[in-house]
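Shown next, in structure tokens, is the structure this report addresses.
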Amino acid sequence: MSEVGTIEGPLDAGTLRRLSQIDPWRSTWAIVWEWGAIFGAIALCPFIQHPVLYGIAIMWIGARQHALGVLMHEASHRRLYRTRWLNDGIGELLLAWPIFMSMRGYAALHTAHHRHVNTSEDPDWVRKQTDEWVFPMPRRKLLWLLLKDLLGLNTLQLLGRARAI
């Protein structure tokens, strides 16, 4: 390694093994932290009733929901807990369902993505073969895409994909 946080070349077997260790306490702490952060934001709003705080709380909760999705991704790889039923149960109940997802369905698509990266059999790649994924794009078009996300106009499309999973 040349500097902190930078890895040059392939990892040696020992480093890869060390980085691949499953730490159930760390996994549990991460889940408890994210849910605590969500409930903390919800609990704070009635005490400081201000529209600016509501906006910040919404963004904060959204970011924490994204973190739940990241943890669900790790659970889909069976990297949170050594026991499969515990890993999958917590992955579904505390990480996937609260963000309107199915970890089992996500894992099926995600496994296909890993097996067939950037081919016609990669569901992520196929989904991104639209005008919305052609970069660079005109600034006006990018702003419209971001605005649609911000206003929740893409939510139905997202939920439709999640239901299909």
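The values are calculated or read from the model by the stated rules, or taken from the named source; none is laboratory data. Note that this is a predicted model, so its numbers are computed, not measured. Neighbour counts run over all protein chains shown; Cβ positions are idealised from the backbone, glycine included. Each accessible area value is taken on the protein alone, full model and side chains, heavy atoms only, with ligands, DNA and RNA left out. Shrake-Rupley method; radii C 1.70, N 1.55, O 1.52, S 1.80 Å.
Points to keep in mind about this one:
- Count of the stretch 68-105 residues which are open to solvent by 20 Å² or more (accessible area, probe 1.4 Å), within 9 Å of the chain's Cα centre (by Cα) and among the hydrophobic types (A, V, I, L, M, F, W, C): 2
- Criterion violated by Phe47 - all others in (1) more than 30 Å from Arg127 (Cα to Cα); (2) open to solvent by less than 40 Å² (accessible area, probe 1.4 Å); (3) of a type outside the set (Ser, Thr, Tyr); (4) not in a helix (DSSP H, G or I) satisfied: (2)
Here's the yes/no breakdown for (1) open to solvent by 70 Å² or more (accessible area, probe 1.4 Å); (2) more than 25 Å from Trp25 (Cβ to Cβ); (3) in a loop (DSSP other than H, G, I, E, B):
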position	(1), (2), (3)
Ala107	no, no, no
Trp125	yes, yes, no
Phe135	yes, yes, yes
Arg140	yes, yes, no
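- Tabulated pairs, the stretch 76-94, first modelled with pLDDT of 95 or more, second hydrophobic (A, V, I, L, M, F, W, C) and assigned to a loop (DSSP other than H, G, I, E, B), C-beta under 8 angstrom, 6+ apart or interchain: Arg79/Ile22; Leu80/Ile22; Tyr81/Ile22; Arg82/Ile22; Asn87/Leu80; Ile90/Leu80; Gly91/Leu80
- When residues in the stretch 71-92 are screened for being over 16 Å from Trp25 (Cβ atoms), in a helix (DSSP H, G or I) and in contact with a helix residue (DSSP H, G or I) (Cβ under 9 Å, 6 or more places away or on another chain), 6 of them pass.
- So Thr130, is it in contact with a helix residue (DSSP H, G or I) (Cβ under 8 Å, 6 or more places away or on another chain), more than 29 Å from Ser27 (Cα to Cα) and of a type in the set (S, T, N, Q): no
- The condition of being acidic (Asp, Glu) and under 23 Å from Ile22 (Cα atoms) holds for only one of Glu74, Glu132, Glu121, that being Glu74.
- Taken over the stretch 24-44, the residue count meeting the criterion of being open to solvent by 40 Å² or more (accessible area, probe 1.4 Å) and of a type in the set (Val, Ile, Thr) is 3.
- Where Ile31 falls short, out of the listed (1) in a loop (DSSP other than H, G, I, E, B); (2) touching a residue at least 60 places away in the same chain (Cβ under 8 Å); (3) aliphatic (A, V, I, L, M): (1)
- Tally, over the stretch 111-126, of residues that are out of contact with any helix residue (DSSP H, G or I) (no Cβ under 8 Å at 6 or more places or on another chain) and at pLDDT below 90: 1
- Top-ranked residue in the stretch 57-67 [being over 13 Å from the mean Cα position of the chain (by Cα) and open to solvent by 90 Å² or more (accessible area, probe 1.4 Å); ranked as nearest to Gln21 (Cα to Cα)]: Trp60
- Residue match in the stretch 111-118 (condition: in contact (Cβ under 8 Å) with a residue 60 or more places away in the chain, within 19 Å of Met72 (Cα to Cα) and surrounded by 10 or more Cβ atoms within 10 Å (Cβ to Cβ)): no
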